[in-house]
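These notes concern the structure reproduced below.
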Amino acid sequence: MTAPLLELRTVRKDFALGQGLFAKRRILTALDGIDLSIAPGETLALVGESGCGKSTLGRIVAGLMPATAGEILFDGHPPARGKARARQIQIVMQDPFGALNPKMSVGELIAEPALLHGLVTRGTTPARVAELLSLVGLPEGVAPRYPHALSGGQRQRVAIARALATDPKLIVADEAVSALDVSVQAQIANLLKDIQARTGVSLLFISHGLSLVHHISDRVAVMYLGRIVEDGPTADLFARPRHPYTRALISATPEPVPGSSADRMHLTGEVPSPLALPSGCRFRTRCPHATDICAEVDPPRTAEGAAHVACHLAHRLPAYQSQTPEPAPRLQQAIALYRAAAARLDAA
């Protein structure tokens with residue numbers, strides 16, 4: 001079995017709130033006991049509702065903020081800090097326009113990290129920039145242009161090229177396609193898959209779009225209120241979700257066949273405040289299957305073959321007849337067109 005590239009063991013992140021002369025200090029636990037791993041060349045998708053802690057986890061992995069507790073291993077060792085960590089782990093943010101310095105040209109933006117880490121010289125920089133632009137599907141003529149002159153999809157491609165400039169082993173894609181048009185989302189998702197196939201880079205793909213997650217990922221981890229409630233191989237998780245929250249997320253995905261309603265599940269109630277978590281299972285206040293034990297005992301994370309689930313009722317829930325969520329027709333068409341264009345380029 002291949003050793004994990006990245007391994008998180010009981011990672012916790014607390015934020016102190018209300019520190020002032022008259023304000024009472026409170027602790028908000030954004031992440032609580034996160035156990036995850038990513039293998040070399042693998043794509044792990046992290047999904048869940050807004051505010052569940054996905055981006056916080058991504059920033060901790062990328063070294064942009066420290067964990068409060070727990071252990072993080074990269075290639076079997078504690079990850080390097082600062083510049084050395086950025087050489088190995090890069091992050092692509094949701095808003096490429098905000099992440100790219102508007103005063104720098106595309107070529108300067110892509111070259112900067114490679115120069116910072118001593119991977120190129122001034123003489124070899126233009127060739128490296130051209131190589132990275134080609135890798136993300138942009139012409140060399142884009143190099144002298146500035147971010148404001150590019151479309152949203154082009155800016156995200158530049159952000160990806162910039163992330164690749166250090167030859168990282170892992171890229172954290174934090175909602176990297178959610179701000180883009182649906183057809184452009186498909187292009188960027190396919191681009192990431194193509195880059196992974198060519199370079200062997202691992203991906204932590206943070207998203208709430210399950211259609212794209214099914215298309216791009218090898219494994220999926222489902223997060224709710226700072227905890228992983230289920231994780232496993234993508235095909236298995238979508239075909240046989242074991243946690244009620246996972247079932248709810250999948251059933252909320254638009255059906256590929258108009259008028260179909262395979263085992264739809266509708267959540268009621270609001271997400272509890274992380275400052276006032278329910279006793280026992282955190283999902284019980286919205287779960288239609290909750291029983292007394294759910295209110296009394298926090299469910300442990302148990303292994304189910306290659307998957308893990310944290311639910312007292314996982315073995316008692318009715319069989320789930322799900323339809324694998326396919327991309328919407330417009331997204332499917334964009335994926336097909338992109339694949340055809342990529343095949344023509346490879347054959348040329």
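FYI, it's all coordinate maths here, none of it is from the lab. From a predicted model like this one, the values you see are computed outputs, not experimental measurements. Every residue, glycine among them, receives a Cβ derived from its backbone with ideal geometry; neighbour counts consider all protein chains shown.
Report relative contact order for the chain in percent, whole number only (criteria: Cα-Cα under 8 Å, sequence separation at least 6). Provide the component values of the computation, followed by the final result.
Values: 638 pairs, mean separation 65.2, N = 348.
Normalised by residue count, the contact order of the chain is 19 percent.
Estimated from the Cβ-Cβ distance and a Förster radius of 35 angstrom, the FRET efficiency linking E108 and H77 is about 0.55.
Anisotropy class assigned to segment 56-192 is oblate, per the alpha carbon gyration tensor with a/c at or over the 1.5 cut-off and a/b no larger than b/c.
For segment 1-119, the residue among A62, L46, L36 whose Cα projects farthest onto the positive side of the dipole built from Cβ charges is A62. Look at T121, T246 and count the other Cβ atoms within 10 Å of each Cβ; fewest to most, that gives T121, T246. A simple spin-label model places pseudo-atoms 7 Å from Cα toward Cβ; at F15 and S50 they are separated by 1.4 nm.
Extension gain for the segment D167 to L28, taken as residue separation times 0.36 nm less the Cα-Cα distance, is 46.5 nm to one decimal. Annotation: peptides 288-301, 226-239, 98-111, ranked by per-residue average of other Cβ atoms within 10 Å with the highest first, follow the order 226-239, 98-111, 288-301.
Which of rounded, prolate or oblate describes segment 1-108 when judged by the alpha-carbon gyration tensor and an a/c cut-off of 1.5? Mind showing how you got there, number by number?
Working: a/c = 1.84, a/b = 1.14, b/c = 1.62.
Oblate, because a/c is 1.5 or more while a/b does not exceed b/c.
Here the spin labels are modelled as points 7 Å beyond Cα on the Cα-Cβ line, and at H315 and T68 they lie 3.4 nm apart.
Overall shape: oblate for segment 38-78, with the ratio a/c of the largest to smallest alpha carbon gyration tensor axis at 1.5 or above and b/c at least equal to a/b. Per-peptide packing, taken as the mean over residues of other Cβ atoms within 10 Å, places 69-79, 170-180 in the sequence 170-180, 69-79 from highest down.
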